């Protein structure tokens, strides 16, 4: 622990302050857990630090309150529940886009903001919200839950010599 020395400043006596060192990260036992869509520790760390940056958190703040920020990242990324490294990277981008959208929305609401400032911040927030929605669609597509088209044929003409199948035709049949 660091201890600040007592000193006198303009006749006032200052009290000593003790600052605890940041906690050492605990070493996991057993097989590495799947976090951020990967069990690779280096990639987990990289995505974690990128997530802190996307949340506007400095490295100094993280060192002071490591456990708090780790829980915030777990909550944000856990909501996406990435299944692989690509989804983990996308989840980090989604956290960044969401935070920027909320930051520009907050700035637009500032009481002494001029009309042009409000408009500019609303436009920026809208852009990040659009990016976020595109990221959600991309995640759904990666997971095979993207929008699928369904074609319903209601009227068919079969000319002389032609053939037709009545019923459902599924891909992957024998041919």
**Message:** From the list 117, 56, exactly one residue is out of contact with any strand residue (DSSP E or B) (no Cβ under 8 Å at 6 or more places or on another chain) and modelled with pLDDT of 90 or more. Which is it?
**Reply:** 117
**Request:** Answer yes if at least one residue in the range 120-140 is part of a helix (DSSP H, G or I), surrounded by 18 or more Cβ atoms within 10 Å (Cβ to Cβ) and in contact with a strand residue (DSSP E or B) (Cβ under 8 Å, 6 or more places away or on another chain), and no otherwise.
**Result:** no
**Fill in**
Here the residues within the range 49-64 that are over 17 Å from residue 98 (Cβ atoms) and either part of a loop (DSSP other than H, G, I, E, B) or in contact with a helix residue (DSSP H, G or I) (Cβ under 6 Å, 6 or more places away or on another chain) (or both) are 58, 62
**Request:** Run residue 83 past the list (1) modelled with pLDDT of 90 or more; (2) within 14 Å of the chain's Cα centre (by Cα); (3) surrounded by fewer than 16 Cβ atoms within 10 Å (Cβ to Cβ); (4) in a helix (DSSP H, G or I) and report the number of the one that doesn't hold.
**Result:** (4)
**Message:** Condition first: within 18 Å of residue 134 (Cβ to Cβ) and without any contact (Cβ under 8 Å) to a residue 24 or more places away in the chain. Now tell me which residues in the range 70-104 satisfy that.
**Reply:** 79, 102
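The values are calculated or read from the model by the stated rules, or taken from the named source; none is laboratory data. Source: prediction; values computed, not measured. Every residue, glycine among them, receives a Cβ derived from its backbone with ideal geometry; neighbour counts consider all protein chains shown.
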